[in-house]
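Visitor: A single structure is presented below for examination.
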Amino acid sequence: MGKNSAALIVLIAIAVLGVIGMVTSRGGRMDVPPSVPLGGPFELIDQNGAPFTDKDLSGQWRLIYFGFTYCPAICPTELAKITRALKNLGAAAKDITPVFISVDPERDTPSVIKKYLKSFYPGFIGLTGTPDQIEQVKAAYRVYAKKVPLDGTTGYTVDHSSYIYLFDPSDKIQTLYKTSDTDRMMADDIQKRLKEYKP
Ligand code: NI
């Protein structure tokens, strides 16, 4: 690689980091500046086929993850991480609701999600909806997810962003955990936030 192309890559990297800087990383965790609104109203259905809205989570700490059940690696890893983090929290875990929201509503029906979540934390709420409802909730949470055709098949996968959102009982985003954060880090951080939280 020439000197010029190396310099160009550095410039592109700086530009990309600038965009990501809207949600800045500090001390390994994502701190969300108040200027970036995240979350908001949604209407979906849960893994039992019952209507479920944002109001059903109000007043609760919750960990929210967007993914899809056909995801080969990242989603199961992150859901297993949430499961371990909650187990690490012990008794405090009862105050936190873990939520999985599908970015693949065509394949992720309530029954598919229900079966899938049996492998993870028992209290998991799994949500899906119509493609429009999913687009709406993705926009509110600034989730990137895009269908990508699989070569040589009629199937597809879904490219998607992978953050774990922690909201407090007043519906305020507390932090975002990244794929590089461990279950231990998450549990310690949640414990600290539960202790420091003033409604
Ligand atoms: Ni995934």
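Coordinate-derived values only; no laboratory data. Computed from a predicted model, the values in this text were never measured in an experiment. Using ideal geometry, Cβ is built from the backbone for each residue, glycine included, and neighbour counts are taken over all protein chains shown.
Visitor: Cross-link partners among aspartates and glutamates for Lys147, C-alpha distance below 16 Å, same-chain residues fewer than 8 apart left out?
Guide: Reachable aspartates and glutamates: Asp104, Glu106, Asp108, Asp132, Glu135, Asp159.
Visitor: Another question about this same structure. Using the Karplus curve 6.51 cos²θ - 1.76 cosθ + 1.60 with θ = phi - 60°, what ³J(HN,Hα) values do you get for each residue of region 55-62, in whole Hz, with x for Gly and Pro?
Guide: Residue by residue, region 55-62 yields 4, 5, 10, 4, x, 10, 5, 8 Hz.
Visitor: Right, another one. Give me the aspartates and glutamates in straight-line cross-link reach of Lys94: C-alpha distance below 20 Å, same-chain residues under 8 apart excluded.
Guide: Once the sequence-local aspartates and glutamates are set aside, what remains near Lys94 is Asp46, Asp54, Asp56, Glu78, Asp168, Asp171, Asp183, Asp188, Asp189, Glu196.
Visitor: Can you tell me the FRET efficiency between Ala91 and Lys146 if r is taken as the Cβ-Cβ distance and R0 is 41 Å, rounded to the nearest 0.05?
Guide: After rounding to 0.05, the efficiency reads 0.55.
Visitor: Need one word for region 137-199: rounded, prolate or oblate. Basis is the Cα gyration tensor (sqrt eigenvalues a ≥ b ≥ c); a/c below 1.5 gives rounded, then a/b vs b/c decides.
Guide: oblate
Visitor: Between rounded, prolate and oblate, where does region 94-136 land on the alpha carbon gyration tensor, with a ≥ b ≥ c its root eigenvalues, rounded for a/c under 1.5, else prolate if a/b exceeds b/c?
Guide: Verdict is oblate for region 94-136.
Visitor: Structure shown: which of Lys115/Lys195; Lys87/Lys172; Lys87/Lys138 lie over 30 Å apart, alpha-carbon to alpha-carbon?
Guide: Pairs exceeding the cut-off: Lys115/Lys195.
Visitor: Dividing the Cα convex hull volume of region 49-199 by residue count, how many Å³ per residue is that?
Guide: 110
Visitor: Now, a different point. Can you compute the modelled spin-label distance between Asp159 and Ala139, with each label point 7 Å from Cα toward Cβ, in nm?
Guide: Placing both labels 7 Å beyond Cα along the Cβ direction yields 2.2 nm.
Visitor: Using only the Cα atoms, what convex hull volume per residue in Å³ does region 49-125 have?
Guide: Per-residue hull volume (Cα only) is 86 Å³.
Visitor: Can I ask one more? Hey, could you grab the Kirkwood Rh for region 102-167? Inverse mean 1/r over distinct alpha carbon pairs, Å, one decimal.
Guide: Over region 102-167, the inverse of the mean reciprocal pair distance is 13.3 Å.
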